[in-house]
Structure formats: structure tokens, C-alpha cells
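Below you'll find the structure, written out as C-alpha cells, and then a few comments.
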Amino acid sequence: MRIAVTGSIATDHLMVFPGKFADQFVADRMDKVSLSFLVDQLDIRRGGVAANISFGLGSLGMTPILVGAVGKDFADYRSWLERHGVDTASVHVSQERHTSRFLCTTDESQAQIASFYAGAMEEARDIELKVVADRIGGLDLVIVAPNDPAAMVRHTEECRQRGIPFAADPSQQLARMAGPEIRTLVDGAAYLFTNEYETSLLLKETGWSEAEVLDRVGYWVKTYGPDGVRIESKDAEALAVPALTVADEIDPTGVGDAFRAGFLWGLHAKLGLERSAQVGCTLAAIVLETVGTQEYTLDRAEFSKRVATTYGNDAAAEIESKLRV
């Protein structure tokens with residue numbers, strides 16, 4: 001399966017302030033705030049939804065095609081992704097803007113002050129998928145993940161025009177986009193991914209009922225965190241898959257991206273929906289236990305053991321037979 005993963009590519013700069021922001025604000029001077037916080041911790045991590053999904057697919061043995069826009073400062077990040085099996089030849093490099101950055105400072109009470117610099121991501125709207133498909137001899141599936149909104153609409157419409165199956169993963173951009181745009185992203189998707197909150201937001205913004213959404217997509221994959229996954233289709237009975245038990249939840253960032261990577265790898269390996277969701281849940285648990293969205297390593301034996309513990313030996317044997325890690 002030749003999968004193109006479109007979406008954001010970013011670097012996260014995460015800082016920690018050893019105090020409380022609230023103590024620094026003066027109530028009657030809020031209209032003239034001018035503050036600088038001396039932080040004592042800086043953690044720079046690779047991120048971005050498309051890059052996270054691609055890293056997961058590459059770690060499982062695929063060669064996903066990453067499609068997005070970055071700045072000329074992407075060289076080190078590119079090398080990292082390529083070492084982990086990701087095809088980055090279709091990444092657009094801006095000559096004027098830096099790669100997207102998320103800058104966040106967290107205080108001791110877990111309050112946060114953050115900024116997101118879109119940067120080169122705005123140029124993703126100029127990427128034509130036909131060029132990507134021609135380079136590799138065609139595409140079997142395109143993932144439309146959170147990105148520049150105009151880029152998401154363009155990629156979705158091009159998939160429909162060219163008859164390329166696509167998976168809709170609007171995620172956090174649901175809060176920014178209007179109903180007509182969201183309907184454009186969803187209509188005709190082979191797969192639609194949402195978490196519990198995003199499901200409610202999608203229904204609210206589109207004005208569609210759940211049945212009307214199911215009339216427009218092949219499979220609707222709904223994630224519920226520790227309560228697992230539910231896969232729905234208008235032509236089949238709903239399928240529920242439980243999540244793995246996680247002993248030590250360290251960092252939830254990128255967990256949804258990991259699930260998507262595992263699920264899509266399962267489809268590529270022809271494991272079926274249930275097994276694919278089990279792979280996705282297993283990879284999500286591994287990321288939840290790791291600091292950073294791309295800092296984990298996969299061990300075939302340990303992966304299979306975790307599958308067996310939750311889903312049984314038959315599931316583990318079937319999944320392990322396809323693993324190349």
C-alpha cells in the first residue's frame with residue numbers, strides 16, 4: 001500500500017517555569033502586561049501530526065510518503081525521518097519561512113502560555129498530489145491530517161477528482177474551520193478519524209446526524225482514550241476494541257497519531273479492521289508511556305507480548321507474522 005501522509009510538520013519547544021504565572025500578574029495592570037519568565041528547562045522535540053504518523057508507519061516497516069511544507073531548517077529533521085523509513089522527497093521546502101514551531105511554557109501548577117508559528121505550513125496549499133503520485137507510480141491512500149486549512153481542502157478535493165481513496169483526520173482543525181469546509185473534508189472519505197470531543201464538534205458544525213455522516217464515509221473510527229476504539233459503518237455492525245492498560249502515563253502528546261499509524265499499518269498488512277485497531281491501540285500505549293512523540297523504539301517480541309496480554313495469543317500470532325521490526 002502506497003500511503004501519502006499530508007499534514008503538519010513542526011518542532012515543539014517546551015519550557016518549564018519554576019513558579020506560578022498567576023503570581024506575576026497585577027490585577028489592575030492587565031491591559032499593560034509585559035512579562036519575561038526565566039525558565040529552567042527546555043525540551044526540543046520533533047512533532048507535527050503528519051510527521052508523527054509517518055514516523056510510526058516507518059517504525060513498523062512501511063515507507064510512507066510524507067507530504068507537507070517546511071523551512072530550510074528542516075535538514076536534521078529530514079535525516080531523522082529518513083533513518084526511520086520515511087520518504088521525504090515530496091516535502092516542500094519554503095525559501096522564506098521557517099518550519100512550524102510550537103512554543104509552550106508550563107508553570108508548576110500546569111498552567112501554560114503558548115504560541116504556534118505556522119510558518120512554512122501555509123505553503124502546503126501549493127502542493128499538488130498528482131506530482132507525488134507520478135513520482136512513485138500512484139497512490140493507494142492519502143491521509144489528510146491537520147494542516148493549513150486551505151491545503152486540507154485542496155488535498156481532499158484532488159483525491160475526489162482523481163479517484164484516490166483518502167482518510168479524513170481533521171482533528172484540532174475542527175475548531176477553526178466552518179461547517180461547509182468540514183463537510184468538504186469528510187464527504188467521500190474511506191476512513192474518518194475522530195476522538196470523543198471531535199465527534200461532537202463535527203456533528204455540531206456540519207449539522208449532520210451520525211447516520212448522515214456514515215452515509216458519506218466508508219468507516220468511522222472513533223477513539224475514546226482508555227475506553228478504546230469503536231469502528232462504525234452503515235453496512236456492518238459496529239466493532240469495539242478495548243485499549244491496553246497503561247502502567248505509567250507519561251505524555252499524551254502524539255497518542256492519537258500513533259493509533260492512526262498502527263491502524264493504517266494493519267490495513268496495509270491486510271489484517272482486517274479489528275486486528276488493525278489492536279495494533280493501533282498497542283502503539284498508542286507505547287507512545288503514552290514515552291516522553292516525546294517520536295522517541296520510542298519498537299521491539300517485535302515485546303510488541304507481541306503486549307498484544308497477547310490484552311487481545312489474546314491468536315491476535316498476537318497473526319500480528320507478529322506481519323511485523324518486520
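The values are calculated or read from the model by the stated rules, or taken from the named source; none is laboratory data. None of these values were measured; they are calculated from a predicted model. FYI the Cβ positions are ideal-geometry reconstructions off the backbone, even for glycines, and counts take in every protein chain you see. To get the accessible areas, we keep the full protein, side chains included, count just its heavy atoms, and leave off ligands, DNA and RNA. Shrake-Rupley method; radii C 1.70, N 1.55, O 1.52, S 1.80 Å.
What distance in nm lies between label points placed 7 Å from Cα along the C-beta direction at F116 and T184?
1.9
Going by a ≥ b ≥ c, the root eigenvalues of the Cα gyration tensor, does segment 276-323 fall in the rounded group (a/c under 1.5), the prolate group (a/b larger than b/c) or the oblate group?
Taking the square roots of the gyration eigenvalues as a ≥ b ≥ c, segment 276-323 is prolate.
Out of residues 5 or more away from Y219 or on other chains, whose amide H comes under 5 Å of its own, with H placed 1.01 Å from N in the peptide plane?
Y191, L192
Once label points are set 7 Å from the Cα along Cα→Cβ at both R300 and A150, what is their separation, rounded to one decimal in nm?
Each label point is offset 7 Å from its Cα along the Cβ direction, giving 4.7 nm.
So, for the chain, what is the accessible surface per residue at a probe of 1.4 Å, expressed in square angstrom?
Spelled out: the 1.4 Å probe surface of the chain, per residue, equals 46 Å².
May I ask you to compute the full-extension gain from H92 to A247, defined as 0.36 nm times their residue separation minus their alpha-carbon distance, rounded to one decimal in nm?
51.8 nm
Report, to the nearest whole %, how much of the accessible area of segment 29-73 belongs to carbon and sulfur atoms, 1.4 Å probe, protein only.
47
Please go through segment 1-33 and write out the trypsin sites (Lys or Arg not before Pro) that DSSP classes as loop and that have at most 16 other C-beta atoms within 10 Å.
In loop regions of segment 1-33 (DSSP not H, G, I, E or B), the sparsely surrounded trypsin sites (Lys or Arg not before Pro) are K20.
Whose amide H sits under 5 Å from the amide H of I143, counting only residues 5 or more places off or on another chain, with H placed in the peptide plane?
Excluding prolines and chain starts, which carry no amide H, the hits are A4, V5, T6, A167.
Could you calculate the contour length gain from R160 to T309, that is, 0.36 nm times the residue separation minus the distance between their Cα atoms, to one decimal place in nm?
49.6 nm
Suppose R0 equals 22 Å; then what is the FRET efficiency for E108 and V26 from their Cβ-Cβ distance, rounded to the nearest 0.05?
0.65
Out of residues 5 or more away from V16 or on other chains, whose amide H comes under 5 Å of its own, with H placed 1.01 Å from N in the peptide plane?
Long-range HN contacts for V16: D40, Q41, T106.
Cα atoms only: what Rg and Dmax, in Å, come out for segment 197-325?
Final numbers for Rg and Dmax: 15.2, 46 Å.
For a test of the definition: using alpha carbon positions, the gyration tensor, and the 1.5 limit on a/c, classify the chain as rounded, prolate or oblate.
Cα axes put the chain in the rounded bin.
Mean separation of Cα pairs under 8 Å and 6+ residues apart, divided by the residue count of the chain: what relative contact order is that in percent?
Result for the chain is 15 percent.
Under the Karplus relation 6.51 cos²θ - 1.76 cosθ + 1.60, θ = phi - 60°, what is the ordered set of whole-Hz ³J(HN,Hα) values for segment 200-210, x standing for Gly and Pro?
5, 5, 4, 5, 5, 6, 7, x, 8, 7, 4
How large is the helix-only mean residue ellipticity at 222 nm for the chain, computed as the sum of -39500 (n - 2.57) over DSSP H runs with n ≥ 4, divided by its residue count, in deg cm²/dmol to the nearest 500?
Using -39500 (n - 2.57) per qualifying helix, the result is -10500 deg cm²/dmol.
Using the Karplus curve 6.51 cos²θ - 1.76 cosθ + 1.60 with θ = phi - 60°, work out ³J(HN,Hα) for each residue of segment 19-26 in order, rounded to whole Hz, and write x for Gly and Pro.
Residue by residue, segment 19-26 yields x, 10, 4, 4, 6, 9, 8, 9 Hz.
If we count every other residue with Cβ under 10 angstrom of T88's Cβ, Lys/Arg +1 and Asp/Glu -1, where does the sum land?
Net local charge, T88 excluded: -1.
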